[in-house]
1. Students sometimes get this wrong: rank Glu89, Glu44 by accessible area, probe 1.4 Å, all chains present, largest first.
2. Using Stokes-Einstein with the Kirkwood hydrodynamic radius over Cα pairs, what translational diffusion coefficient do you get for segment 54-126 at 20 °C and a viscosity of 1.002 mPa s, in µm²/s rounded to a whole number?
3. In segment 65-105, which residues have a backbone nitrogen under 17 Å from the label point lying 7 Å from Gln3's Cα in the Cα-to-Cβ direction?
4. If all Cα-Cα distances of the chain are sorted into 5 Å bins from 0 onward, what percent lands in each bin, rounded to whole numbers?
5. Enumerate by residue number the chymotrypsin sites (Phe, Trp or Tyr not before Pro) in segment 25-126 meeting two conditions: DSSP loop (anything except H, G, I, E, B), and at most 15 other Cβ atoms within 10 Å of the site's Cβ.
6. Per 0.36 nm of contour for each residue apart, how much would the distance between Ala23 and Leu11 grow if the chain were fully extended, relative to their Cα-Cα spacing?
7. Per residue, how much accessible area does segment 1-82 have with a 1.4 Å probe, in Å²?
8. What length, rounded to one decimal in nm, is gained on full extension from Lys76 through to Ser30, with 0.36 nm per residue of separation minus their alpha-carbon distance?
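The values are calculated or read from the model by the stated rules, or taken from the named source; none is laboratory data. The structure displayed is predicted, hence computed values, not measured ones. Glycine also receives a Cβ, built like all others from the backbone with ideal geometry; neighbour counts cover every protein chain displayed. Side chains are part of the model used for accessible areas, which takes the heavy atoms of the whole protein and leaves out ligands, DNA and RNA. Shrake-Rupley method; radii C 1.70, N 1.55, O 1.52, S 1.80 Å.
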Amino acid sequence: QVQLVESGGGLVQAGGSLRLSCAASGLTFSDYAMGWFRPAPGKERDFVSAISWSSGRTLYADSVKGRFTISRDNAKNTAFLQMTSLEPEDTANYSCAAHRQRLSDIYRTEREYDYWGWGTQVTVSS
């Protein structure tokens, strides 16, 4: 069974920082790009960030660029999202996701991802 398990969420004051982790099992981790998403009012989740299998490519939503940093440790089958300068608008349940990476493609859309975690809650107070 493929499992993605997030951790590291919590309650933080505006301007603070959190580091989210996503531990993967049941798949060959280095074959997959990893992404982070958060819920949105529309049909799809909002894209936050993604990283290629080798960490050579990263993508960020405009709303988090310069504040969040995505990384991964393939030896530990874990992806990370370092969140700084947090704002109340960042409050959400953050889910990690994985898709098999072919060639150099990594994606911003929910439909491209194959596996999902249940999420970890981030709450930012003002």
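1. From most exposed to least exposed: Glu89, Glu44.
2. Answer, rounded: 155 µm²/s.
3. 76-79, 96-98
4. For the chain, the pair-distance distribution reads 2, 12, 24, 26, 20, 11, 5, 1, 0.
5. Sites meeting the loop and neighbour criteria: Trp118.
6. Extra length available between Ala23 and Leu11 comes to 2.2 nm.
7. Roughly 51 Å² per residue, with all protein chains present.
8. Full-extension gain reported as 15.5 nm.
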